[in-house]
Amino acid sequence: MQKEIIFSGKGGQGLGVMGRILALAAVLDGKEVASSASYGGEVTGGFSQSEVIISDEKIDFPAVLNPDVLILLSQESYDKFAPGTDRKALLFCDPSFVNSGHTSEDLRILWVPAAEKAVGGFGRNQFANMVMLGAVVAITQIVRPESVIQVIVEEFEGKNPELNEQAFGIGLQIERQPCDYHLCDSANCLEARLRSGEAPLS
């Protein structure tokens, strides 16, 4: 099993942190991992991207060629990646940053209100990245939540690890809540079909 993941959005959204935490959690799970990050001209507000490859076997080519999971946190990122994305890939988008009216019905998109949940829980969207990461882990089960929490505690030592852990926990719970945050018909809810195995990640 090998999964290729892209985190893409704007600088300042914590995409590099998300990629690093996911990669380290996968290492704790005994997986082979390759990761990289790139940034635009401006660190804050410019284009930002993080890539992670997680595999049960040795990774021959350490770059994402055909992503299985994409976390797209800006309209620019959606416009860049969505048109060429494999229709089997799973896209996580935040409706606060991606215009749902400009998305394709042919894509497997999960709408996660990470920024909204972060503001509601902490008064600001600073922790939206951890909320989104929680939702990604809950739905894809790429790594164990316990491994992510261990990495969060270690990585944020002295920097409010408990708040980041809480935000991650909010994300883990999102997929268990009613479907009103999805822009879809409840009878055809992608999240529900993913959990039932009707629409598997692979």
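Select from the stretch 29-61 the residues that are in contact with a strand residue (DSSP E or B) (Cβ under 9 Å, 6 or more places away or on another chain), in a loop (DSSP other than H, G, I, E, B) and within 28 Å of Ser147 (Cα to Cα) and write down the one among them that is modelled with the lowest pLDDT.
In this case the residue turns out to be Phe61.
Taking the stretch 65-88, which residues are surrounded by 19 or more Cβ atoms within 10 Å (Cβ to Cβ), more than 12 Å from the chain's Cα centre (by Cα) and of a type in the set (A, V, I, L, M)?
Ala82
Got at least one residue in the stretch 99-108 being hydroxyl-bearing (Ser, Thr, Tyr), within 30 Å of Glu162 (Cα to Cα) and in a loop (DSSP other than H, G, I, E, B)? Lay out the reasoning, then the answer.
Filtering the stretch 99-108 down to residues hydroxyl-bearing (Ser, Thr, Tyr) leaves 100, 103-104.
Then drop every residue that is not within 30 Å of Glu162 (Cα to Cα), which leaves none.
Within the stretch 99-108, not a single residue is hydroxyl-bearing (Ser, Thr, Tyr), within 30 Å of Glu162 (Cα to Cα) and in a loop (DSSP other than H, G, I, E, B).
Show the residue pairs that are 6+ apart or on different chains and have beta-carbon atoms under 9 Å apart, the first residue being within the stretch 62-75 and part of a strand (DSSP E or B), the second being among the basic types (Lys, Arg).
Within 9 Å, the pairs are Val69/Lys3; Leu72/Lys80.
When only residues in the stretch 153-181 that are surrounded by fewer than 13 Cβ atoms within 10 Å (Cβ to Cβ) and at pLDDT below 90 count, which is nearest to Ala25 (Cα to Cα)? Full working, then the answer.
Residues of the stretch 153-181 that are surrounded by fewer than 13 Cβ atoms within 10 Å (Cβ to Cβ), as a first pass: 154, 157-159, 162, 176-178, 180.
Filter once more, so that each one left must be at pLDDT below 90: 157-159, 176-178, 180.
Numbers: Glu157: 16, Gly158: 20, Lys159: 19, Arg176: 22, Gln177: 25, Pro178: 28, Asp180: 30 Å.
Top of the filtered list is Glu157.
Answer yes or no as to whether Ala138 is modelled with pLDDT under 95, crowded, with 16+ Cβ neighbours inside 10 Å and either in contact with a Ser or Thr (Cβ under 7 Å, 6 or more places away or on another chain) or in a helix (DSSP H, G or I) (or both). If you could, list the steps in order and put the result at the bottom.
Working: modelled with pLDDT under 95: yes; crowded, with 16+ Cβ neighbours inside 10 Å: yes; either in contact with a Ser or Thr (Cβ under 7 Å, 6 or more places away or on another chain) or in a helix (DSSP H, G or I) (or both): yes.
Spelling it out, Ala138 is indeed modelled with pLDDT under 95, crowded, with 16+ Cβ neighbours inside 10 Å and either in contact with a Ser or Thr (Cβ under 7 Å, 6 or more places away or on another chain) or in a helix (DSSP H, G or I) (or both).
Let's see how each residue does on (1) out of contact with any Asp or Glu (no Cβ under 9 Å at 6 or more places or on another chain); (2) touching a residue at least 40 places away in the same chain (Cβ under 8 Å):
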residue	(1), (2)
Phe47	no, no
Ser50	yes, yes
Pro95	no, yes
Asn99	yes, no
Asp106	yes, no
Lys117	yes, yes
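Test of understanding: among Ile59, Ile109, which residue is closer than 18 Å to Ile142 by Cα and either buried (at least 19 other Cβ atoms within 10 Å of the Cβ) or in contact with a helix residue (DSSP H, G or I) (Cβ under 9 Å, 6 or more places away or on another chain) (or both)? Talk me through it step by step, then tell me what you get.
Numbers: Ile59 fails: either buried (at least 19 other Cβ atoms within 10 Å of the Cβ) or in contact with a helix residue (DSSP H, G or I) (Cβ under 9 Å, 6 or more places away or on another chain) (or both).
Among Ile59, Ile109, only Ile109 is closer than 18 Å to Ile142 by Cα and either buried (at least 19 other Cβ atoms within 10 Å of the Cβ) or in contact with a helix residue (DSSP H, G or I) (Cβ under 9 Å, 6 or more places away or on another chain) (or both).
The values are calculated or read from the model by the stated rules, or taken from the named source; none is laboratory data. None of these values were measured; they are calculated from a predicted model. Ideal geometry is used to build each Cβ from the backbone, glycine not excepted, and the neighbour counts take in all protein chains shown.
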